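Notes follow the structure.
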Amino acid sequence: RLLDDIATMGTTLVVFTGGDPLQREDLDELIRYGKSRGLRVGTIPAATPRLTRDRILALKEAGVDQLALSIDGESAARHDAFRRVEGTFDKVMEAGRWIREAGIPLQANTVFGAWNVDDFDALAALVTDMGIVFWEVFFLVPTGRGQSLESCSPAQFEFLFEKLYELSKRSSFVIKVTEG
């Protein structure tokens with residue numbers, strides 16, 4: 001019913017997110033239904049054992065228009081420390097390859113805070129090498145477990161905005177700042 005309401009409102013994009021939308025056994029069905037209603041449909045799976053090549057191919061078969069992966073560090077040590085789950089960086093890199101092999105447009109989502117501002121160039125190179133079509137950049141909003149992390153200083157925000165602007169002039173992908 002919700003997808004019907006969204007379709008009648010003229011909205012053209014629906015993104016299934018979570019937690020982990022792959023926990024939903026009916027995700028493929030929801031994607032197919034959304035597509036049948038004329039919607040663009042994406043999803044942001046978590047880097048868990050549920051994220052497999054077969055699951056990505058099933059999402060493609062269902063008609064998914066775009067998949068997004070979270071990448072918050074330029075190395076396994078940095079990313080996994082932020083995500084607090086060892087092995088998530090490697091899973092993201094593996095899933096990114098599978099998504100590209102399947103021909104599904106890939107989006108990267110990155111959270112920036114005081115801990116990774118200096119990693120901008122390495123992160124930008126990494127997401128570029130991943131073959132993304134869209135980079136959604138988030139700035140830490142210190143709520144929930146984020147309260148224990150340090151947000152960017154005004155100077156760090158300025159630095160990141162300048163870097164993002166310069167990258168946007170030469171990159172082949174769209175860059176969007178969602179929170180700042």
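The table below gives the values:
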| read-out | value |
| --- | --- |
| Given (1) in contact with a Pro (Cβ under 8 Å, 6 or more places away or on another chain); (2) within 19 Å of Phe161 (Cβ to Cβ), index of the condition Trp135 fails | (1) |
| Subset of segment 39-61 that is among the small types (Gly, Ala, Ser) and assigned to a loop (DSSP other than H, G, I, E, B) - its residue that is farthest from Arg97 (Cα to Cα) | Ala46 |
| Helices (runs of 4 or more DSSP H) enclosed by segment 73-129 - at least 2 residues per element that are crowded, with 20+ Cβ neighbours inside 10 Å and modelled with pLDDT of 95 or more | 88-102, 120-129 |
| Those residues of segment 53-72 which are open to solvent by 50 Å² or more (accessible area, probe 1.4 Å) and closer than 18 Å to Met130 by Cβ, in sequence order | Arg53, Lys60 |
| Sole exception among (1) open to solvent by 50 Å² or more (accessible area, probe 1.4 Å); (2) among the basic types (Lys, Arg); (3) under 24 Å from Ile56 (Cβ atoms) for Arg170, by number | (3) |
| Residue list for segment 10-39, filter: among the charged types (D, E, K, R), open to solvent by 40 Å² or more (accessible area, probe 1.4 Å) and either more than 21 Å from Ser70 (Cα to Cα) or within 14 Å of the chain's Cα centre (by Cα) (or both) | Glu25, Asp26, Glu29, Arg32, Lys35, Arg37 |
| So Phe138, is it surrounded by fewer than 19 Cβ atoms within 10 Å (Cβ to Cβ), at pLDDT below 95 and among the hydrophobic types (A, V, I, L, M, F, W, C) | yes |
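The values are calculated or read from the model by the stated rules, or taken from the named source; none is laboratory data. It should be emphasised that the depicted structure is a prediction, and the values quoted were computed from it without experimental measurement. Quick reminder, even Gly has a Cβ in these numbers, built from the backbone with ideal geometry, and neighbours come from all protein chains shown. The area values use the complete protein model at the heavy-atom level, side chains included, leaving out ligands, DNA and RNA. Shrake-Rupley method; radii C 1.70, N 1.55, O 1.52, S 1.80 Å.
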